[in-house]
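Only one structure is covered here, and it is reproduced in the block below.
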Amino acid sequence: MSRLSRLLTLVALVTLVIASGARAAGNDEMSTPAASGDVTLILIEHADHVTEIDLGELGPSVGDMLVWGPNALYNDANANDTGATTQGTCIAFNTTSDCLAAETIVFPDGSTLEFQGIERAGGVPSARTIVGGSGRYLGTIGTMTASPSADLTLWTKTIKIAPPPGRP
């Protein structure tokens with residue numbers, strides 16, 4: 001077999017494996033394909049591990065931190081633990097405790113999604129941007145809306161994933 005034939009065979013095999021993985025990722029119980037080719041994941045975080053760090057002046061001040069995780073993520077019905085976890089930090093940038101959030105979701109297969117955005121104080125929904133991913137989420141782009149329950153113990157994370165540019 002010529003070198004070119006072996007290379008073309010390898011490229012075809014890699015393409016088949018990637019396509020199979022993409023189909024499997026789309027059939028995951030945590031994802032729902034949308035008509036546009038986007039995927040929506042709805043995960044419910046159980047905020048069991050949360051630490052507040054009061055830095056500087058006593059009470060709310062710039063630089064105070066909220067650190068969480070690993071917290072379990074349940075399916076959209078909040079009935080089954082998906083095996084995924086979330087962990088992150090939020091650093092206050094004003095005295096009302098609005099903060100810059102950095103969050104990582106780790107899936108059971110080791111794939112990750114990384115988010116960054118502003119979290120508003122007062123338990124209101126906030127938006128974050130996907131800034132990276134690994135494994136089956138490598139090259140992923142999209143957004144997440146994090147909506148807390150009234151007592152801040154459950155967070156509904158609605159993640160909208162778009163195919164990376166140049167991919168169907």
- Which is farthest toward the positive dipole end of the stretch 32-162 among G122, V67, G83, measuring Cα position about the Cα centre, with Cβ charges +1 (Lys, Arg) and -1 (Asp, Glu)? G83
- Length gained, L55-T145, 0.36 nm per residue minus C-alpha separation, equals 29.6 nm
- Query: So who's got an amide H within less than 5 Å of the one on T82, skipping anything under 5 residues away but keeping other chains? H placed 1.01 Å off N, in plane.
  - Reply: L73, Y74, N75
- Task: Scan around G142 for amide H atoms under 5 Å from its own, H built in the peptide plane at 1.01 Å from N, and keep only partners 5 or more places away or cross-chain.
- Result: I130, A162
- Relative packing of 46-52, 107-113, which averages over residues the other C-beta atoms within 10 Å, highest first: 107-113, 46-52
- Pairwise label distance in nanometres, R120 with D48, each label 7 Å out on the Cα-Cβ vector: 3.1
- When only alpha-carbon atoms count, how far does the stretch 32-162 stretch along each of its three principal axes, as whole angstroms with the largest first? 48, 28, 25
- Message: Can you bin every Cα-Cα distance in the stretch 106-146 into 10 Å intervals starting at zero and give me the percent of pairs per bin, rounded to whole numbers?
- Response: 30, 44, 22, 4
- Message: Please give the charge dipole size of the stretch 32-162, origin at the Cα centre, charges +1 on K and R Cβ atoms and -1 on D and E Cβ atoms. Round to the nearest 20 debye.
- Response: 460
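Values in this text are rule-based calculations from the coordinates and carry no lab data. All values derive from a computational prediction rather than experimental measurement. We place every Cβ from the backbone using ideal geometry, glycine too, and count neighbours over all the protein chains shown.
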